[in-house]
Structures are given as structure tokens and as C-alpha cells.
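Here's the structure, in C-alpha cells; my notes come after.
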Amino acid sequence: MSRPGFVLEVDDRTPPLVVHEGEGFRLETFPLGTRVIYPPESLPAVPDVDQAIQHALRNPEGSDPLPELLFPGMRLTVAFDDLSLPLPPMRSPDIRQRIIEAVLTMAAAAGVDDVELVAANALHRRMTAAELKHIVGERVFRSFFPQGALYNHDAEDRSNLTHVGLTDQGEDVEINRRAAESDLLVYVNVNLVAMDGGHKSVPVGLASYKSLRHHHNSKTMVRSHSFMDHTKSHLHHSAWRMGQLLKEHLNIFQIETTLNNEVFPAPYDFLMKREWEWSIKDQGSMLAARRALSLAPARLRHKMFHDLRAPYGLTGVHAGDTEQVHEKTIAAVHRQQLVEVHGQADVLVMGVPYLCPYNVSSTMNPILATCMGLGYYFNSYRGQPVVRRGGAVILYHPLKPDFNQLHHPSYVDFYEEVLAESTDPAVIEAKHEQNYAADPWYVHLYRTSHAYHGVHPFYMWYWAAHAMDHVNEVIWVGADRRAVQRLGFRAASSLADALEMASDTVGRSPSITYLHNPPHLLADVR
């Protein structure tokens, strides 16, 4: 059910509004009549997290209770979402830690001693020992990591991959061998947005490129009319077919959690409030933060934001059959994030913050910023896009071509070579993807260092394919002009300039909607 009351129409009493722009924010004055969509207020957290976990494990959806699935001599594998979720990372203890500890306690009581823990990072970078420790906690880390029983999934380790079969659409289903050959696979998920969870967990997080290429491609992305609605997303349709095939071969016990909108800790908690409701203290915090960010060198600004740990509250935990669990999960996500919106706009305005799923402890390069703005935020809708077909999107981000050589080595070549030749996702895929996917140096860095897979920048570009197909104009405010040109878009110095540039597409009196993210919201556009 939608939570009404979070849509504002700008009038002459509306104060300047916060717009995120990378590692900082600005106060922007929007034209009169601009529609502002705010995230719903944060839902109350579950009062007793451990009790909620125990109830979910012992009273699952469409499955026997977890203790009844455990027995001596069995092979138990626990897989969990990697550091790409949630955003920002949560304060300790991570909810995955609390669930994994509960699962392991039940396993020990049942006499299970063949247990391995696998981070479901697919083609994401390997997590460091410290990052694994943050997710699973000190006790689990100390018990499993030194023995090699806690590790990152390796999508390029052919000896530890199993080809389970083909879907009825001819899609390869190839996943982690240990998971495929276990008597029970427990998957621990964090559902930050409606796109996550369900059959997007095991068939994606534990997969190889051979499987992922069937849905992480330009054609599928263009046809996925909202990644946040799995009923209309062709990406999810493919993942669901894979998941249903896996159900015929694997015993999977899915555990999904949902969080509230408590994203920013003090002193940045004013960012979660509507501007006209700021107290004197909030205004002081805002002014202090803006001044500190304006004076701080880039390295310190980066540290100030990336060191944030969010005080999320748990709003629900469900366990058991993947599809039955996911129905409960989606309902909980909608209760927190859904906002009813009437009609589409000519222009959609969005700020792109400092963080996306793929730059944790890293830089937000132009390709990732494009993915976040035109991929994740543009697709934060149910029903139809917030902006009409043929309209314009205006984004805020500096788009500095600053690439992390450790995490994103293939991004550098993608930016310098591939995008210099073409920005068309279909052309890029046909001409270049296979070379990057199979490049031995990129494969080596993925397997032995902390680099994203060589094909990863292609996937990030495909995420934006639906938006690029839907609108006629994409303009970045305050961005590096050479970077914007390389991406195939246009740059403006201000919102007024951007609207003037878009006037040939949307006219001189366009309807404007500002999507006031983060925290997360899902526009229910009717």
C-alpha cells in the first residue's frame, strides 16, 4: 500500500532543496510548479531482532523449519550477499552476521560439521578479510576464515563450477559447485530495494559469466521496464527461469531481510528530513557540513562519506521457499518505499550521491555514476517511468574521470577505448564484450586481486540502456565537460542552463519532477 503525503509542488514559500552531487550536496532553487517526490518516513524497526530471526527460521514459508532440515554428516553451505548491499554499509552487527550466527548455532546443535560460507559476489570484486569480517562478525570470521571455509565465490574457477542445465529458453545455469552439491544451501539476503532478492540471489550471486550473459545484456536491459518490478523486468524473468530450474536440483532455504530508511547517521541525519521541517540544529548541521566539505581536500571528503555506517532498523525477516519468501519481502519494501505519483513529467531531475553498489571504499567514476543515475534511480518506479517517453533527464554529479586502478582496471580501458568508438549499448556488446570478458589479465586480477571482472563496465553501461532508449535528452549539471562528451551526453553549468538546453525537446514550460533520493523511494506512477 502506498504511503501518501510525500509529493510536494514547489511554490514561492518552498526553501532551496538538497541535491546530492557526488561527495557533497548543493541547495537548489527549483522552478515554481516543480513536483518533488520525497521518500516516505522511516518505518519503526522490529523491537527484538534475534527473536524475529528465530521465528523466521522456525516458522518458514513453504518449508520445514530449519532445524528439521539439518542432520549429522550433511553438507551445509551458507551463501550471503556481498558488500554491494546495503548502501551505505550498516553499523555492526550486520544483519547477515546475526542470521548466520543463528543458522550456525542450529547446525551445531544438529551435529553438522561440514559447513562452508560463501560470499555471493558473482563478477563483483573479491572482498577483503576485513570486509568479510564486518559482514559475518568476529566469532564466525575467526572460526571459518583461517580454515578456508569462509571465502569469496570465484566465477572463473572452472573446477568449482557446476553446469546444472538449461532453462526452457536455452539459458545456461552454472553456479558454484560447493553450493550445487550441498545437501542444503542457505542464502542470506539484504533486500535494500525491490530489485534484490528472490531468484536474483542464488542464480546471479553464485553464477558464472556463462549464466550471467543471458540476462546482463543490452537487449534484456532495454526490455526490462523497471528493474524494481520483477513482474515486468526481463532480467528478472530470466533469473526466475534459472531459479525454478535450480529448485529441481537443489534444496534452497532462502532468508530475506528488509530495512527501514534510517540511512544517514548524525551529523548528516538532516538529509533524511524535508527541508522546510529542519530545526535550528538541522540548519546548523547543514551549514557546518557544507562548509567542511567545501574546504576539505578530495581525499578527506571521500573518507568523510565512505566511513559512514547507517543505523538501519530491521523491518522484517522471512525464510523458507524462495518465491513465497520474496512475496513477503516485496510487500515490506513497498510499505517502506512506495510513493503514489500521478502522471509523468517532461523533465526528471536527480542527484547522484557518492555511493553505488560498486564503489564501496572506492571512487565513483563516470560509468558508475551513469549506472546509478540512469540505471538504478531512473528505474525507481512501478507502473511507468516518472518521465515521459521522449522527455529529458537532468543529473547532478561532477563526473570526474577518476578511476580506482585496484577495483576498476577494465573500466579505464572501457572509458578510453570502447566509449571513444561508440556509446550504443548494442554496438558495444556485439563488438567488444567478449574480448573484455575473456581477457586473461582481467580474469587474473578478478581472481587474485580485488578487481571487478573485465566485463563489469559493460554491464554498468547496459543498466542505463532502458533510460537512454526512453528519453531524448540527458544533461549533467556541474560535470566535467570532457567526461560528459565521452559518455555521449551534454553538460550544463546550472539547472537553468540545463532546462534551456532541453527546451528543444520539452518546450519552454515543461513539467518537472525532482526525485529526492536518497533515502530510497519507489515511485508508483499512474
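The values are calculated or read from the model by the stated rules, or taken from the named source; none is laboratory data. As the structure is a computational prediction, the values presented were derived from the model and not from experiment. Positions of Cβ are generated from backbone atoms using ideal geometry, with glycine treated the same way; all protein chains shown enter the neighbour counts.
Among residues of the range 419-441 that are free of Cβ contacts under 8 Å to residues at least 12 places away in the same chain, those with a beta-carbon under 7 Å from a residue that is crowded, with 18+ Cβ neighbours inside 10 Å and of a type outside the set (S, T, N, Q) at least six positions away or on a different chain give the pairs 422/428. Report every pair of residues separated by at least 6 positions or lying on different chains whose Cβ atoms are under 8 Å apart, first residue within the range 448-475 and in a loop (DSSP other than H, G, I, E, B) and buried (at least 23 other Cβ atoms within 10 Å of the Cβ), second of a type in the set (S, T, N, Q) and modelled with pLDDT of 95 or more. The qualifying pairs are 451/410; 452/410; 453/410; 454/410; 455/410; 464/370. Within the range 206-217, the set of residues being in contact (Cβ under 8 Å) with a residue 60 or more places away in the chain, more than 20 Å from residue 180 (Cα to Cα) and crowded, with 23+ Cβ neighbours inside 10 Å comprises just one member, 216.
When restricted to residues that are in contact with a strand residue (DSSP E or B) (Cβ under 9 Å, 6 or more places away or on another chain) and surrounded by 16 or more Cβ atoms within 10 Å (Cβ to Cβ), the range 268-300 contains 6. As a summary of the residue check, residue 513 satisfies the conditions (1) part of a loop (DSSP other than H, G, I, E, B); (2) of a type in the set (Ser, Thr, Tyr); (3) buried (at least 16 other Cβ atoms within 10 Å of the Cβ) except for the one numbered (1). Does residue 526 satisfy the criteria of being farther than 30 Å from residue 130 by Cα and of a type outside the set (S, T, N, Q)? Spelling it out, residue 526 is indeed farther than 30 Å from residue 130 by Cα and of a type outside the set (S, T, N, Q). Just wondering, is there one or more residues in the range 488-505 that are farther than 22 Å from residue 353 by Cβ and in contact with an Asp or Glu (Cβ under 7 Å, 6 or more places away or on another chain)? The answer is yes, given that some residue of the range 488-505 is farther than 22 Å from residue 353 by Cβ and in contact with an Asp or Glu (Cβ under 7 Å, 6 or more places away or on another chain).
When residue 247 is tested against (1) at pLDDT below 95; (2) closer than 24 Å to residue 323 by Cα; (3) of a type in the set (D, E, K, R), just one condition goes unmet, and that condition is (1). Of all the listed residues (21, 41, 61), the sole one being in contact with a strand residue (DSSP E or B) (Cβ under 7 Å, 6 or more places away or on another chain), under 30 Å from residue 478 (Cα atoms) and among the acidic types (Asp, Glu) is 21.
For the range 241-267, residues that are over 30 Å from residue 17 (Cβ atoms), out of contact with any strand residue (DSSP E or B) (no Cβ under 8 Å at 6 or more places or on another chain) and crowded, with 18+ Cβ neighbours inside 10 Å total 2. Residue 76 meets each of the listed conditions (1) over 26 Å from the mean Cα position of the chain (by Cα); (2) within 13 Å of residue 255 (Cβ to Cβ); (3) of a type outside the set (Val, Ile, Thr); (4) surrounded by 23 or more Cβ atoms within 10 Å (Cβ to Cβ) apart from (2). Residue 10 passes every criterion in (1) at pLDDT 95 or above; (2) under 22 Å from residue 269 (Cβ atoms); (3) buried (at least 18 other Cβ atoms within 10 Å of the Cβ) apart from (2).
Name the one entry in 393, 427 that is buried (at least 24 other Cβ atoms within 10 Å of the Cβ) and more than 19 Å from the chain's Cα centre (by Cα).
The conditions single out 393.
Quick check on my filter: what residues within the range 8-47 are among the small types (Gly, Ala, Ser) and either part of a loop (DSSP other than H, G, I, E, B) or farther than 29 Å from residue 399 by Cα (or both)? Within the range 8-47, 24, 33, 42, 45 meet the criteria. Taken over the range 383-405, the criterion of being closer than 21 Å to residue 367 by Cβ, assigned to a loop (DSSP other than H, G, I, E, B) and touching a residue at least 40 places away in the same chain (Cβ under 8 Å) is satisfied by 397, 398, 399, 400, 401, 403, 404. Take residue 123 and tell me if it is within 30 Å of residue 375 (Cβ to Cβ), of a type in the set (A, V, I, L, M, F, W, C), at pLDDT 95 or above and in contact with a Phe, Trp or Tyr (Cβ under 8 Å, 6 or more places away or on another chain). Yes.
Here the range 398-424 is the region considered, the condition is being under 21 Å from the mean Cα position of the chain (by Cα) and under 17 Å from residue 374 (Cα atoms), and the residue that is surrounded by the most Cβ atoms within 10 Å (Cβ to Cβ) is 399. In the condition set (1) modelled with pLDDT under 95; (2) small (Gly, Ala, Ser); (3) out of contact with any strand residue (DSSP E or B) (no Cβ under 7 Å at 6 or more places or on another chain); (4) within 30 Å of residue 436 (Cα to Cα), residue 226 is compliant with all but (3). When restricted to residues that are surrounded by 24 or more Cβ atoms within 10 Å (Cβ to Cβ) and either free of Cβ contacts under 8 Å to residues at least 40 places away in the same chain or not in a helix (DSSP H, G or I) (or both), the range 478-508 contains 1. Considering 335, 309, the condition of being closer than 21 Å to residue 229 by Cα, under 19 Å from the mean Cα position of the chain (by Cα) and surrounded by fewer than 18 Cβ atoms within 10 Å (Cβ to Cβ) is satisfied by 335 alone.
Go over the candidates 114, 64, 81 one by one and state the one that is within 16 Å of residue 151 (Cα to Cα) and surrounded by fewer than 19 Cβ atoms within 10 Å (Cβ to Cβ).
Working: 64 fails: within 16 Å of residue 151 (Cα to Cα); 81 fails: surrounded by fewer than 19 Cβ atoms within 10 Å (Cβ to Cβ).
Among 114, 64, 81, only 114 is within 16 Å of residue 151 (Cα to Cα) and surrounded by fewer than 19 Cβ atoms within 10 Å (Cβ to Cβ).
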